[in-house]
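Dumping the structure here so I can ask a few things about it.
Derivation of every value follows stated rules applied to the coordinates shown; laboratory data play no part. Just so you know, these numbers come straight off a predicted model, no measurement behind them. Here Cβ is always computed from backbone atoms with ideal geometry, including for glycine, and neighbour counts include all displayed protein chains.
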Amino acid sequence: MIDIKTRCVRVNYANQFHIDILPGFPEEKYSRNNKLKVPDTEIKDWTDSNPKGYAEWFDDNCSKVNAILMEKRAMSSVEPLPESPPYQFVEPLRRAIQLIKRFRDIYYKDKESSGPRSIVLTTLAAAYYNGEDSEYEAILNILNGISKAIINSNGKPIEIYNPTNLKEKLSEKWDDDPNLYSDFCKFVRYFNNQWIDLNRLESFEEKAIVLQELFGELVSKEVIREQTEYINKFRNNNNLAIDTTTGILTGLTLENKFNTNLKVVPKNTFYGK
C-alpha cells in the first residue's frame, strides 16, 4: 500500500514496516552542501530541507554516549567494569526516541493528526541529549530540557529548525494552530511528571502499571524484561547499589563507586548466604 504524505511517498510492507521515498533537487546548482528543495503537498510548493545533513547531525549526537563508554573502557585496565548492558543501552538516544514516539502514539491515539511530528520529537531529543548512558536518564534529561524551553518561551511556541538547514522550520504547524502547541505542552508536562514518578515507585509491579499506561503492554513488558536483566547483571557482579538518600537502584561505576550514599545490594544466594 502507498500513502502520500506531506513531503514523501510512504510504501507500506507487511509487519508494520515501511519506507519513505523523498524526491528532491539541489537548492543551488552544482552545490555540495546537501541542501535540497523537497515537495510540500500542504502548501503545494517546494520547500527547504537537508535530509542527509540531518542524518549526519543526528548520528553525531548519538555518538556522545560512545565517547563516554570509550573513556570507561580505557580505564578498565585499572579496574574491571561490570558486564556490558543490554542492547538498548548501547545507543540510548535512539532507544529514548523510540519510546518518546511510542508514548506520542498512545497519548494522541484519538487525535493522531494533532500530535507532534516525529522529526520535531527527534530534533528536540537530539538537541537535549547529553550523553546519558541509559534511556531512563536520557528521556529524563530530554523532557527537562524541553520543559525549560517551553517556560523560557513565555507562552509563545518554541521554534524548531533543521539544524543543518535553518531555512527549514519544523514547527510551523504550531504557528498556524496555537491549540496544537498547547496540546504539545500538556503532552510534555504529563510525560515528564509520569517519568519522574516512575523512579519513585518501589516495586516492579507498580512500575509495570505506569509503563503499560505510557507505552502499551508489549513495549512495557520488553522494557521491564531488559531492565531486570540489566539489574541482575550488576547484582551478580556485586556492582548493584542503592542510593540511601533516594532509594534508587543504580550500578556501581568508576565514577560513583566512592559515593558514600551508595550501599551495595548483596548478591542473591541459597539459604540467604
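Check which residues have an amide H placed less than 5 Å from residue 168's amide H, if you skip close sequence neighbours.
For residue 168, the qualifying residues are 162.
Rank the residues 134, 153, 113 as a footprinting-exposure proxy: fewest other Cβ atoms within 10 Å of their Cβ go first.
Fewest-to-most ranking of 134, 153, 113: 113, 153, 134.
Right, another one. Can you tell me the alpha carbon radius of gyration of the range 90-196 divided by the globular rule-of-thumb value 2.2 N^0.38 Å?
Working: Rg = 13.2 Å, N = 107, 2.2 N^0.38 = 13.0 Å.
Rounded to two decimals, the normalised Rg is 1.02.
Still on this model: If r is the Cβ-Cβ distance from residue 264 to residue 213 and R0 is 25 Å, what FRET efficiency results, to the nearest 0.05?
Details: r = 33 Å, r/R0 = 1.31.
The calculated FRET efficiency here is 0.15.
Would you grab the residues whose amide H sits under 5 Å from the one on residue 158? Only those 5+ places off in sequence or on another chain, please, with H modelled 1.01 Å from N.
Excluding prolines and chain starts, which carry no amide H, there are no hits.
Let me ask you something else. Can you flag which of 52/169; 148/207; 37/109; 101/173; 101/186; 52/109 are past 24 Å Cα-Cα?
Check vs 24 Å cut-off fails for 148/207; 37/109; 52/109.
Also, quick follow-up: Output wanted: per-residue J couplings in Hz (rounded whole) for the range 161-167, from phi through Karplus 6.51 cos²θ - 1.76 cosθ + 1.60, θ = phi - 60°, x for Gly and Pro.
For the range 161-167, the Karplus-derived couplings read 10, 5, x, 9, 7, 5, 6 Hz, x marking Gly and Pro.
If you plug each phi of the range 134-150 into the Karplus form 6.51 cos²θ - 1.76 cosθ + 1.60 with θ = phi - 60°, what whole-Hz ³J(HN,Hα) values come out, in order, with x for Gly and Pro?
Working through the residues one at a time gives 9, 5, 4, 5, 4, 5, 4, 5, 5, 5, 5, x, 5, 4, 5, 5, 4 Hz.
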